[in-house]
Every structure is written in structure tokens, then in C-alpha cells.
2 protein chains.
Amino acid sequence: MPVTESSLVQRVKAVHECARLLASLDAAARNQALEAVAVALEAATPEILAANRTDCEQARANGLTPSLYARLELSPSKLAAAIAGVRQVAALPDPLGQRQLHRQLDDGLILSRVTCPLGVLGVIFEARPDAVMQIAALAIKSGNGAILKGGQEASRSCQAIMQAIQQGLATSAVPAGAIALLMRRAEITELLQLEEWVDLIIPRGSNEFVRYIQNNTRIPVLGHADGLCHLYVDVAADLDKAIAITVDAKTQYPAACNAIETLLVHRGIADEFLPKVAAALSQAGVELRGDALACHLVPMTLASEADWTTEYCDLILAIKVVANLEAALEHIATYGSGHTEAIVTENPATAERFLQDVDAANVFHNCSTRFADGFRYGFGAEVGISTHKLPPRGPVGLEGLVTYKYQLVGDGHIVASYSGDGAKPFQHRDL
Amino acid sequence: MPVTESSLVQRVKAVHECARLLASLDAAARNQALEAVAVALEAATPEILAANRTDCEQARANGLTPSLYARLELSPSKLAAAIAGVRQVAALPDPLGQRQLHRQLDDGLILSRVTCPLGVLGVIFEARPDAVMQIAALAIKSGNGAILKGGQEASRSCQAIMQAIQQGLATSAVPAGAIALLMRRAEITELLQLEEWVDLIIPRGSNEFVRYIQNNTRIPVLGHADGLCHLYVDVAADLDKAIAITVDAKTQYPAACNAIETLLVHRGIADEFLPKVAAALSQAGVELRGDALACHLVPMTLASEADWTTEYCDLILAIKVVANLEAALEHIATYGSGHTEAIVTENPATAERFLQDVDAANVFHNCSTRFADGFRYGFGAEVGISTHKLPPRGPVGLEGLVTYKYQLVGDGHIVASYSGDGAKPFQHRDL
């Protein structure tokens, strides 16, 4: 331990302390705090919009790209939607205090497994002011402290929003110190080292950014770097469904992590399917890159090895003709990122084999990969999509922000009674 | 990617391939393989015991400590118990294919969350030949491949056991290549780098050993380095229960991770309780080290700061007199390792506060910390005890060796139907 602590360590420890108090509050107190935050944000709307205008002017002067600018800009309706989002989080079921196991080990010896907060979340995101409101709301709802660091371009907006959040919390039972905003980029590096005080890092940003975070911390990271998703159109596919799903999965939002990058087509239907799907994709403005056989059937650019490993995040689609289901599974096992993989087929045995065999967080049959999303799954909120093997995997809602502990209540019970000669047996009866 | 792969990478990739096949087998096939392994181990009993005798002679010549020697030695009854353990694992409920969520997102669009294997486990353990049988059985049951590395002193025993396991698997549907044994210590370092092929590391050994593993891999590690557990005896404690629990928690198996290292005693009952518990502990051969007030009430060694941070794993107990519940909670928050913490009190409000406030995997009221154990919890098997904040936390059974995936089955459903003007609403109806 260093003799003098940095100001960041002091701040993070203060959040950690406040989080312990927050963790002890009941759902009513946490929900009341969220309402107070929503009211304070409404009251501070003029200040928040003014701060955002200054951020936007600066960003325009610095030549921020249009997509980043779109995320930075807060219109009155976008701010109102974000405030409505805070109230929606308040309306979600309480993720804390859920009993997941309830078992009588012996007379008067009762085991429970109960959900509880993680502690402190570290959330690092781009210049998206609305993220501050969403993250603060999710943290309060789940009983966790949070350290937020947004992109520099949004610094005034984030500060104005955080000031309103703190004012709201000051009128509630939740300690305002449970949510803190970092302003200096250099603090990210230091934050990633504070595994003693920070329990989960949630990065939101580009693949490269997430990979950097994953490679530079020992704190668990929720999220994914890559979303290289495939759609396999089987020989037994209904071609109309296959075309509609291909177009949706590629074009409905090409920059999304659950959009497809590669289309695998069974050789047995390639000559009929490829010209049709190519026409539909071209009409939607999609550039096609195919292997030799695909190029033979439909004129398109010849794909290189790099095309099977690239997440385009754009209106580009790689196409490969495969001999059979096994070849498709092999391609997915080799190049997939474990995010979302889909098959189109009317053959139930083939579909079952695909659903069983593919090792990915989301495996779909006869529907678009774009459904891989916490809101579409009905989770109410999405904290991120994880491609880790270990749970939480896939779209993660509030349950990703809680853990559990085992509580055992006895009446003087000791282990010696259940050991050695004359050991009492356990009952292990679920209640 | 290196141009030439090391022999270890080739072996691990082969296990990974075999694990994909293993993952596709149903419960009957996996259980039949476990029975075949048990039969093969029974048939090979003379060879296994002979190999173990050679390991033991060598170990005696090298002056292995008695406790390590006890773990190395395989008696006929210990081997028979381990083989019975393989059959017990076969009898456990199947951890795979469990549907954890079943939801209709819309007509004909059905979401399921289904458990599935992790992939490949890397298990590194001390010179305990029985661990090979247990780990192989747990891996096969959970549909995972496994790479095993045991302590050098048990190398002949482990090889003889592994040969029998492979012979048993050869008569089953499980590919024998799904379970592999490493023989060279240097391979551990390399194994820890193979995050692309190994999904979970399970270290079994000393605190230092686990810490080394945790600090030298990016693969998730299941387990815990420290088990610094406390027992707090409240002012409202029943002193007879408190004495029995203290003695059990300290002496029933002092080297266990769930044994207590520090006893916290409320000031209000210290003068009555301390002499009684000290007498009981002394009779059990426990050396006491107390803070100034404890030493004042009962003659014992004065504790230093190091005593609050030391996991003795021995018949030594540190004792601190605290002003109240808050002081006890503060001490536990500062020095606890998040493993198991317990309170003795007849005051329900105090107990509730303790169960709620203490941040540890296991939090107990009026019972011994020694109950923190997968078998005692009724999990049927214990893979390890995790002190991570994130799940799986606490004693981990077979569920710690599986993950899940989301399966979504539609009939041509696309996301565009649920977006923009005229968007269809989701139903999100649990089935």
C-alpha cells in the first residue's frame, strides 16, 4: 500500500463506502431515489441542454465525425427520453434480495441463496451524455456504486447531468457519493488497476476500445470486443424467409454487433438462392464479396481470407458456398466470435443439430440475428452483451449487476455432529 | 499465430476437438462412460496400487511432509472410495440441457436459455491421485474436456489411473482424447496462456499456489486463495451455543479454508464469555492471541496487526474484543477474505443486519463456518469454493462447469417488423 493515496483512490474508496450504505437500502428507497433523480434532471433541463450546446460547438470546431456527433448531441426530446428511461428502470422488478435457493440441510438449519449487489461498477463510455443517466439509474436500481468516465467531447454535458443527479440523490436516502464522474482520461488507466475497490468494468465503445480495456485490467469486464456473426442458409431453407432474414440481419442496422458479416450458403441451393438474395441485397445498397463459387454464380468481388475475419460494421457482406451443414459448422467454429449465429432451414433435425452444436451466446433458427438484444429478449434493460464462455453470457440485463451470497441460519449447529462415527445425515430438503 | 505449434498446443487443440464431440452426447451416453471408467479402474486396481507404492517409496526417500504424504498414498479402501465417487457423479442430475428461461417474444418466436458445457477445463492440483478420478468424472458428467496436471510426486499413480480411464472411455461413446494428463511442470506456464482453447482453470492447492495461478493467466480461475473467516459473538449470544460453535469452527478441521482465524467478542459479554471459551479452546489445544482487552480478561499472547491478516491453518486463534456490531462489521470488512463469516446472537434484528451487511460468499447465523461446503449444501459434488464477487460464488457444484446459450426459434421473423412506424409490440410471455 502506498503511504499517500492518489486522489482517485480516495474518491473510489469513498464511492465504495457509499455503496455499502446504498446496498442496505430497500427497493422502495432506491426507486424513490430514481424518481428524485428524474425530477432533478427535468428541473435542470435548460442547464443540461446549454452545456451540451457548448460541447457540440466545440466538437464541430474540432471536426468530430457525424456518427460521433449524433451520439454527443442532446435534443430536448432525446433528453426527455433518457429521463423517461430513468423512470422505466425504477419500474423494473427489484434484482436484489431474490431467493434463488431455499433448502433445509437439517432440522432448524436453513440455507438460502440470495441476490445482492456487486459493490462498485466502473463504466467507461464514449461521448454519449445519455449514457450517464442510464448507467446511474441501473447502478442505483441494482444497489451498486458507480464510477463513470465519459468521452472528453461530452465533458460539460456529463458534468451538468451529474450535478442534477447529485441534487436529486441529495433529496433521497441514497448517498450522492455512491455515483461519481471522472473527468481526466489518465484516470482510466489508474481505475483499471483498482481491483480492490472496483468489482466490474463495463466498457462501451469500439471493438478496439473494449479490447484495450480487457487487456489492461484484472477486474472482470462485462461486454464483448467482436461481433462476427454468420447466417447459414441450408439446402432445406425456405428461400423467401432466407432472403428476408439475410436482408434484415445485414441492413436493419449494419453497425450493430448482432448484424451479420458472412453469409454461408449450402451448395445445393446456391444457384437458385444466390441470384435472388444478391438482387435483394444490392437493392439495399450492400456490397458483396464472395468465394470463387459464389462469384461464379453471381458477379461480385472475390473475397480474401481477411473477409472471413472482418467485422465490417457497414453495408458489406461476405458470402461463402459450403458443401454441407458440417462445413458451415466448421466455418463458424473457426471464424465466429461467439456472439450470434443463425440458420435458415425447414429441416428440424438440421436445425436441432445447429442449435446444439454451435458454441455462441445466441444461436438462432429461422429468425434474424438482430433479435440478440436485452430489450427484445424482454430484460427491460441491457447492460451489455457478453461473449465470454462463463455466465453472464449473451444480452445481460440487471441480473448482470448483481451477485449472490449463501446465508445459513442455525440454532447452534456444529459440523462435528455430522462427521465421524454416529454422524447425523443431512436432509437436503428444498423448501 | 506461431508457424509451428508446440506439442502442448497440439494436445490442447486435440482435447478441444474431442470436447466438441463429448458436448453433443446425451446424459445416458455420458453416464454410461462413467460406469465404463469405474469398471476399468476396478480392473486396474493392482496396477494403480503398485504405481502408487513406487510413488510413495520415492516420496519417503525424498522426505515428503506427513500431510502431503497422506494425500499421496492410495490405500485399497481409498481407491475403492474414489471409484465409488465416479459412480456417485454418474448418479447426479444432468447439469446440461437445463432450460433456465422459456419465453414467447411474439407468436411463433420462442426464446430459451439452455445450459451447455464450457468447453475445456484446465485442472492443476497437488500430488493427490484420487483427484484425477474425481476431476475426470466431473468433466465427463458436465460434457467438458479436461487437461489435468498433478503434482510430480504422484506421477506414476496419475499415469496408471489415466491409463485405466482411457481404457474405460475406449469402450464408451466419449472420445478418450477428451481427457488428457500433462506430466511436465513447465507445461503449466504454457497452459495458462492458452486462453483460446482452455475455458476455465481450476487450481487446487495452497494459497500461494492459487494466487500464482490467478496472477499468471487471463483464463477465468475458479477458486480462492484466502479463507480468513471470522466468528462474531454478539452481546445477545447464547454462550453455550457460542462456545460450541467457536470450538467446532476452529478445531473440527483447522487446515480447512472455512475454519475461523479470528474471534470477535462483544465487549458487553467479554468478561463472562472469554474465560469460558478460552478454557474450552485450550482443552482442544488451541493457542490464543488476543488484543489488549482480551489479554486483560484471560492471560494469552498479545496479538499484533499480523494476527488479523493471517490464515493460520493451524490450532491458533486471534481474539478481539469489539465495542459493538458496527465495530465487528468494520473489522470483517477490513480483514475478511469474503469466504465465510458468522455471528452468534439471539437478537433477530442483529442477525438480520449481519446477514445483510456482510459482503462474503457465505454469511452464517448461529452455526459453524465449517458448514460452508458443497457437499454439506447438498450439491452432490464440489468443484471449488469461489470468493469472487461475480457468480459462481461460494461452494460451486457441477453448475460451475456449465454455461448457457440463448436459443431463439422463429418462422422467418425479422427485426424490421418490430421497429419504426407501425412496429409490432413484443409479447414477452413466459411459457
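The values are calculated or read from the model by the stated rules, or taken from the named source; none is laboratory data. Everything quoted here is computed from the prediction, not taken from an experiment. Note: ideal-geometry Cβ built from the backbone for every residue, glycine included; neighbour counts use all protein chains shown. Calculation scope for accessible area: heavy atoms of the full protein, side chains included, ligands and nucleic acids excluded. Shrake-Rupley method; radii C 1.70, N 1.55, O 1.52, S 1.80 Å.
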*Residues being in a loop (DSSP other than H, G, I, E, B) and closer than 17 Å to residue A:256 by Cα: count how many of those fall in the range A:189-221.*
2
*Of all residues in the range B:76-93, which are surrounded by 17 or more Cβ atoms within 10 Å (Cβ to Cβ) and under 15 Å from residue B:399 (Cα atoms)?*
B:89, B:90, B:92
*asked:* Taking the condition of being within 13 Å of residue B:7 (Cα to Cα) and in a loop (DSSP other than H, G, I, E, B), how many residues in the range B:172-188 meet it?
replied: 2
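For the range B:394-410, state whether one or more residues are part of a loop (DSSP other than H, G, I, E, B), within 10 Å of another protein chain (Cβ to nearest Cβ), small (Gly, Ala, Ser) and crowded, with 21+ Cβ neighbours inside 10 Å. Give the steps one after another, and end with the answer.
Step one: of the range B:394-410, the residues part of a loop (DSSP other than H, G, I, E, B) are B:397.
Filter once more, keeping what is within 10 Å of another protein chain (Cβ to nearest Cβ): none.
Among the residues of the range B:394-410, not one is part of a loop (DSSP other than H, G, I, E, B), within 10 Å of another protein chain (Cβ to nearest Cβ), small (Gly, Ala, Ser) and crowded, with 21+ Cβ neighbours inside 10 Å, which makes the answer no.
Condition (residue is crowded, with 22+ Cβ neighbours inside 10 Å and assigned to a strand (DSSP E or B)) applied to the range A:417-429: is it met by at least one residue?
Residues of the range A:417-429 crowded, with 22+ Cβ neighbours inside 10 Å: none.
No, that holds for no residue.
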*Report whether or not residue A:131 is surrounded by fewer than 17 Cβ atoms within 10 Å (Cβ to Cβ), in a helix (DSSP H, G or I), within 23 Å of the chain's Cα centre (by Cα) and of a type in the set (Gly, Ala, Ser).*
no
*Can you work out which of the residues in the range A:203-221 that are within 14 Å of chain B (Cβ to nearest Cβ) and open to solvent by less than 30 Å² (accessible area, probe 1.4 Å) is farthest from the chain's Cα centre (by Cα)?*
A:217
*Determine if the range B:79-89 includes at least one residue that is more than 10 Å from chain A (Cβ to nearest Cβ) and within 30 Å of residue A:374 (Cβ to Cβ).*
no
_All but one of (1) surrounded by 13 or more Cβ atoms within 10 Å (Cβ to Cβ); (2) over 24 Å from the mean Cα position of the chain (by Cα); (3) within 25 Å of residue B:145 (Cβ to Cβ) hold for residue B:6; state the number of the condition that does not hold._
(1)
*Filtered residue count, the range A:146-178, keeping only those that are open to solvent by less than 20 Å² (accessible area, probe 1.4 Å) and among the hydroxyl-bearing types (Ser, Thr, Tyr)*: 1
*Restricting attention to the range A:419-431, report how many residues are within 9 Å of chain B (Cβ to nearest Cβ) and either free of Cβ contacts under 8 Å to residues at least 40 places away in the same chain or at positive phi (or both).*
2
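Being touching a residue at least 40 places away in the same chain (Cβ under 8 Å), of a type outside the set (Phe, Trp, Tyr) and assigned by TED's automatic domain parsing to the domain that holds residue B:201 narrows it down to one of B:88, B:100, so name that one. Lay out the reasoning, then the answer.
Working: B:100 fails: assigned by TED's automatic domain parsing to the domain that holds residue B:201.
After applying the criteria, what remains is B:88.
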*Go through (1) within 18 Å of residue B:171 (Cα to Cα); (2) surrounded by 14 or more Cβ atoms within 10 Å (Cβ to Cβ); (3) more than 29 Å from the chain's Cα centre (by Cα) one by one and return the number of the condition residue B:31 breaks.*
(3)
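Could you list all residues from the range B:222-251 that are outside any helix (DSSP H, G or I), surrounded by fewer than 20 Cβ atoms within 10 Å (Cβ to Cβ) and within 11 Å of another protein chain (Cβ to nearest Cβ)?
Going through the range B:222-251, the residues outside any helix (DSSP H, G or I) turn out to be B:222-238.
Checking the rest, the ones that are also surrounded by fewer than 20 Cβ atoms within 10 Å (Cβ to Cβ) come to B:226, B:235-236, B:238.
Selection gives B:238 alone.
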*Could you list, in sequence order, the residues of the range A:267-279 that are open to solvent by less than 30 Å² (accessible area, probe 1.4 Å) and of a type outside the set (Phe, Trp, Tyr)?*
A:269, A:270, A:274, A:277, A:278
_Of all residues making up the range B:355-378, the number that are surrounded by fewer than 21 Cβ atoms within 10 Å (Cβ to Cβ) and more than 7 Å from every other protein chain (Cβ to nearest Cβ)_ = 3
*Could you list, in sequence order, the residues of the range B:135-153 that are assigned to a helix (DSSP H, G or I) and without any contact (Cβ under 8 Å) to a residue 60 or more places away in the chain?*
B:152
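Yes/no matrix, rows are residues, columns are (1) modelled with pLDDT of 95 or more; (2) touching a Leu at 6+ places or on another chain (Cβ under 9 Å):
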site: A:364; (1), (2): yes, yes
site: A:372; (1), (2): yes, yes
site: A:389; (1), (2): no, yes
site: A:397; (1), (2): no, yes
site: A:403; (1), (2): yes, yes
site: A:407; (1), (2): yes, yes
site: A:416; (1), (2): yes, no
site: A:422; (1), (2): no, no
site: A:427; (1), (2): yes, yes
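Residue-wise test of (1) in the same structural domain as residue B:176 (by TED's automatic domain parsing); (2) surrounded by 13 or more Cβ atoms within 10 Å (Cβ to Cβ); (3) over 26 Å from the mean Cα position of the chain (by Cα); (4) in a helix (DSSP H, G or I).
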| residue | (1), (2), (3), (4) |
| --- | --- |
| B:19 | yes, yes, no, yes |
| B:35 | yes, yes, no, yes |
| B:49 | yes, yes, yes, yes |
| B:56 | yes, yes, yes, yes |
| B:64 | yes, yes, no, no |
| B:69 | yes, yes, no, yes |
| B:74 | yes, yes, no, no |
_I'm told residue A:349 meets every condition in (1) more than 23 Å from residue A:206 (Cα to Cα); (2) within 8 Å of another protein chain (Cβ to nearest Cβ); (3) out of contact with any strand residue (DSSP E or B) (no Cβ under 8 Å at 6 or more places or on another chain) except one. Can you identify the failing condition by its number?_
(2)
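For every residue, the table says whether it meets (1) touching a Leu at 6+ places or on another chain (Cβ under 9 Å); (2) surrounded by 16 or more Cβ atoms within 10 Å (Cβ to Cβ).
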| residue | (1), (2) |
| --- | --- |
| A:287 | yes, no |
| A:301 | yes, no |
| A:305 | no, no |
| A:322 | yes, yes |
| A:327 | yes, yes |
| A:332 | yes, yes |
